[in-house]
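Engineer: Please see the structure below; I have some questions.
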């Protein structure tokens, strides 16, 4: 969570980092439903992504830009791993609902790894392991662990 005063600029930057994954999920759902909508598939995705980010923002979940950037990178990496994993190990993604499921799993895993206490613990374990492998001195604990 952010300790700074929320602003429109902060919301816009969070939307730019978090919104694209929600946008692509909304687009995939619109493709899977195949309903006649007054908006294009891209428009439905944009509306869905914007609505999700603004609803969470309004409900009080206002993540820092660092956490939002971490989510952006993590979600992209998980999305690629899941995509390549299903293509090479299992079966190619053949239905629109399989695409929705993969994107939804990617988003849920990224949210868990970045925004929850479990994710913070995993980050700390990975950070310590990487520092030990690289033979770097232990990192000092800071007051702001964001």
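What follows draws every value from the coordinates through simple rules; no lab data is involved. Model, not experiment: these values are computed from the prediction. Methodologically, a virtual Cβ is constructed for each residue, glycine included, from the backbone with ideal geometry; neighbour enumeration extends over all protein chains shown.
Engineer: Can you name the residue in segment 9-36 that is over 20 Å from the mean Cα position of the chain (by Cα) and either assigned to a helix (DSSP H, G or I) or at positive phi (or both) and, of all such residues, is surrounded by the fewest Cβ atoms within 10 Å (Cβ to Cβ)?
Structural biologist: 34
Engineer: Every residue in segment 48-64 that is surrounded by 15 or more Cβ atoms within 10 Å (Cβ to Cβ) and free of Cβ contacts under 8 Å to residues at least 60 places away in the same chain, please.
Structural biologist: First, the residues of segment 48-64 that are surrounded by 15 or more Cβ atoms within 10 Å (Cβ to Cβ): 48-50, 52-53, 56-57, 62-64.
Answer for segment 48-64, where residues must be surrounded by 15 or more Cβ atoms within 10 Å (Cβ to Cβ) and free of Cβ contacts under 8 Å to residues at least 60 places away in the same chain: 48, 49, 50, 52, 53, 56, 57.
Engineer: Given the conditions (1) loosely packed, with under 15 Cβ neighbours inside 10 Å; (2) in contact (Cβ under 8 Å) with a residue 60 or more places away in the chain; (3) in contact with a helix residue (DSSP H, G or I) (Cβ under 9 Å, 6 or more places away or on another chain), and given that residue 39 satisfies all but one, which numbered condition is not satisfied?
Structural biologist: Here residue 39 meets the rest and fails (2).
Engineer: When you go through 103, 76 one by one, which is the residue that is touching a residue at least 60 places away in the same chain (Cβ under 8 Å) and under 21 Å from residue 15 (Cβ atoms)?
Structural biologist: 103
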